[in-house]
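Only one structure is covered here, and it is reproduced in the block below.
Every number here is computed from the coordinates shown, using simple stated rules; none is lab data. Owing to the predicted nature of the structure, the values given are computational and were not obtained by experimental measurement. Quick reminder, even Gly has a Cβ in these numbers, built from the backbone with ideal geometry, and neighbours come from all protein chains shown.
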Amino acid sequence: MKKKLKILDKPDNFRKIHKTPVPLFGGVFVFFIILVTIFFDIFFNEYQSMGNRETVALLVGALFFFILGLYDDVFFLKPTAKLYFSLFFTIIIIHIDSNLIVSSLSFSFLENEIALSNFSKIFSILCFLIFINALNMFDGLNGQCTLYSLFLALIFSIFSNLNIYLVSLVIILGFFLFINIQGKSFLGDSGSYLLGFILSFFIIRTYNIEMNLSTDLIFLLMYLPGFDLIRLFTIRLINNKNPFSADKNHIHHIYLKKFNETQTLFIIQLLSFIPFFMTFYIENFLIIILFAIMLYSLPIYYINKK
């Protein structure tokens, strides 16, 4: 069925690492389990996890970004078209659920919150777009995006009351990780866009409602895909290229110059969460953020220099 639908990731002998066509059905797995969880929450849990508008926002957003990614997997969409569609969908979603609008920034090292005022909607839209695109660009090595999302879901289950959703996400990601690492199926854009939206939704909702997360803690959990997106965009713009153009300059491509795929996967996952675990031992977040910047930058500089 996958071959008939032509939902395959074909090798291009340039940027892609795999050698044979691989089905892109990860998004279908994730979308199905989220759909089942939403309906279970509605009919059997009596909205104990989320309210009506939140549930509608999650369902509509998941459907939007799944279809957008799936269409791109099958027919290919220009990066600018995907950005415009993502922007349009995000605007709709935050208007459905105002809990997804970040009105202020709370830092652990500041006494007072920073009010965003009229900039709150724009900032919230940027949060969604940046993380969705960062996670999409992070998906270039078997298991990399899936494993990162799995760890992120596990960590946020500590801070959130959305356990039914996070447990479902952990189960399906754990199952798909096994398939993904074996190279039997990839996430595809349908999977990475969907995961990017779902994780953004949970993170922003937890930040706004649970109020037990600081902005700097979220930054530390998402710093590596975010830094890689900023670095890639900057280099491409300096070279007069489209910031969304494909190349072999992603973090996994750089580490593959020195390590094999398994080692690269392990190292990148380790780098992703070292700063977060440092928060249990070091109270000064500014020191940890500085360390995170060096942790990302120095190995890339060293490998490229060689």
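Under 5 Å from the amide H of GLY140 lie the amide H atoms of CYS145, each residue being 5 or more positions distant or on a separate chain, with H modelled from the backbone and absent for Pro and chain starts. By the scheme Lys and Arg +1, Asp and Glu -1, what is the net charge of all other residues having a beta-carbon under 15 Å from that of LEU110? Summing Lys/Arg as +1 and Asp/Glu as -1 gives -4. With 27 Å as the limit, the listed pairs LYS82/LYS258; LYS121/LYS241; LYS248/LYS305 have LYS82/LYS258; LYS121/LYS241 beyond it between alpha carbons. Counting neighbouring Cβ atoms within 10 Å and putting the fewest first, the residues HIS95, HIS252 line up as HIS95, HIS252.
Straightening the chain between ALA81 and PHE266 buys 63.2 nm, computed as 0.36 nm per residue apart minus the Cα-Cα spacing. Among MET137, MET211, MET222, the order by Cβ neighbours within 10 angstrom, fewest to most, reads MET211, MET137, MET222.
With contacts taken as Cα pairs under 8 Å and at least 6 residues apart, segment 90-166 reaches a relative contact order of 20 percent.
Segment PHE39..VAL74, full-extension length gain: 9.8 nm, with 0.36 nm per residue of separation and the alpha-carbon distance subtracted. For LYS257, the aspartates and glutamates whose Cα comes closer than 19 Å to its Cα, not counting residues fewer than 8 places off in the same chain, are ASP12, ASP139, ASP228, ASP247. With θ taken as phi - 60° and the Karplus curve 6.51 cos²θ - 1.76 cosθ + 1.60 applied, the whole-hertz 3J(HN,Hα) list for segment 239-251 is 8, 6, 10, 4, x, 9, 5, 7, 7, 10, 10, 5, 4 Hz, x standing for glycine and proline. Other residues lying with their Cβ under 13 Å from the Cβ of SER124 contribute a combined charge of +1, Lys and Arg counting +1, Asp and Glu -1. If R0 is taken as 30 Å, the Cβ-Cβ distance between ASN284 and LEU59 corresponds to a FRET efficiency of 0.15. Placing dummy labels 7 Å off each Cα toward the beta-carbon, the span from PHE107 to PHE233 is 2.0 nm. The local environment of PHE233, defined by Cβ-Cβ distances under 12 Å, has a net charge of +1 under the rule Lys, Arg +1 and Asp, Glu -1.
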